[in-house]
1. With θ taken as phi - 60° and the coefficients 6.51, -1.76 and 1.60, list the Karplus ³J(HN,Hα) couplings across region 169-179 in order, rounded to whole Hz; mark glycine and proline as x.
2. Please give the contour-minus-distance gain from residue 152 to residue 42: 0.36 nm per residue of separation, less the Cα-Cα distance, rounded to one decimal in nm.
3. With the crude spin-label approximation of a point 7 Å out along Cα→Cβ, what separation in nm comes out for residue 137 versus residue 1?
4. Does region 90-169 come out rounded, prolate or oblate, given a ≥ b ≥ c as the square roots of the eigenvalues of its C-alpha gyration tensor, rounded meaning a/c under 1.5 and, failing that, prolate meaning a/b above b/c?
5. Can you sort 134, 11 from fewest to most other Cβ atoms within 10 Å of each residue's own Cβ?
6. Please work out whether region 50-113 counts as rounded, prolate or oblate from its C-alpha gyration tensor, where a ≥ b ≥ c are the square roots of the eigenvalues and a/c under 1.5 means rounded, while otherwise a/b larger than b/c means prolate and anything else oblate?
7. Enumerate the calculated ³J(HN,Hα) couplings along region 57-69 in order (Karplus 6.51 cos²θ - 1.76 cosθ + 1.60, θ = phi - 60°), each rounded to whole Hz, writing x wherever the residue is Gly or Pro.
8. Check each of the GluC sites (Glu not before Pro) in region 1-105 and keep only those in coil by DSSP with at most 16 other C-beta atoms within 10 angstrom; list them in order.
Amino acid sequence: MNFIPTKLEGCFIIEPKIILDERGYFMESFNENTFQKNINQQVHFVQDNQSFSSKGVLRGLHYQTGEHAQAKLVRVLQGEVLDVAVDIRPNSPTFGQYEAVVLSAENKKQVFVPRGFAHGFLVLSETATFFYKCDNFYNKESEGGISYNDKTINIDWGFATEDLIISEKDKVQPNIENAKKAW
C-alpha cells in the first residue's frame, strides 16, 4: 500500500497494491499493522457502514463531537464519488481547509479521515456504493454538520447546485463558524 499524506495533517490517500491476473485481481484493503505504521497513530476500527446513492447525491458534511468523535477509512465499492475531508480542528493551521479526491471502484483508492474532520461525498457516477470503517460508535447526540456550500470553505463540488440531491437535514446545516464544535 502507498500512503500519500495530504496538505491536511493526519489525512491520507491510500493506494492499494493490486495484483492482476487472468482471473481478475486481488488486493489487501486493510491491514492494521501496515495502516498504523504508515499513519503513525493507533486507530482501532469498531464499526463498518455502507451506503448506496444515485448520481448527484451529496452526503455531508458530517462529523461526531467530543468523546464520540470518529476517524474514518473510506472507499467506493461500486461507482465513483468526489470525497471531501474538511479540517475542523480549532487550533490546526489548516482549519477550514479541505482535501478532495475522486474515489472509485476502478481506482480502488481510500482516504483516511482522522478525528476532528468533517466528511462528505458527491456521487459522480449513475450509482455508487460507499463503504467506510469508523473507530468509534455512532452517537446521535454527538452529530455535527457543516453546510456543503459554506462560503469560507468554498468546496468545488464540480456540479451545478440545481443538480445536487441533498437531504433536508444537510440543506440546513450551519456554516463552519456556527457549527457545533468538534471538541
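1. Along region 169-179, the couplings run 4, 6, 5, 10, 5, x, 6, 4, 5, 9, 6 Hz.
2. Gain on stretching residue 152 to residue 42: 36.4 nm.
3. 2.5
4. Rounded.
5. With the sparsest Cβ surroundings first, the list reads 134, 11.
6. prolate
7. Once θ is set to phi - 60°, the couplings for region 57-69 become 6, 10, 10, x, 9, 10, 6, 10, 9, x, 5, 9, 3 Hz.
8. Within region 1-105, the qualifying GluC sites (Glu not before Pro) (loop, at most 16 other Cβ atoms within 10 Å) are 9, 22, 28.
Rule-based calculations on the coordinates, nothing more; no lab input. Predicted, not measured: the structure shown is a model, and the values here were computed from it. A quick note on method: Cβ atoms are made from the backbone with ideal geometry, for glycine too, and the neighbour counts reach across all protein chains shown.
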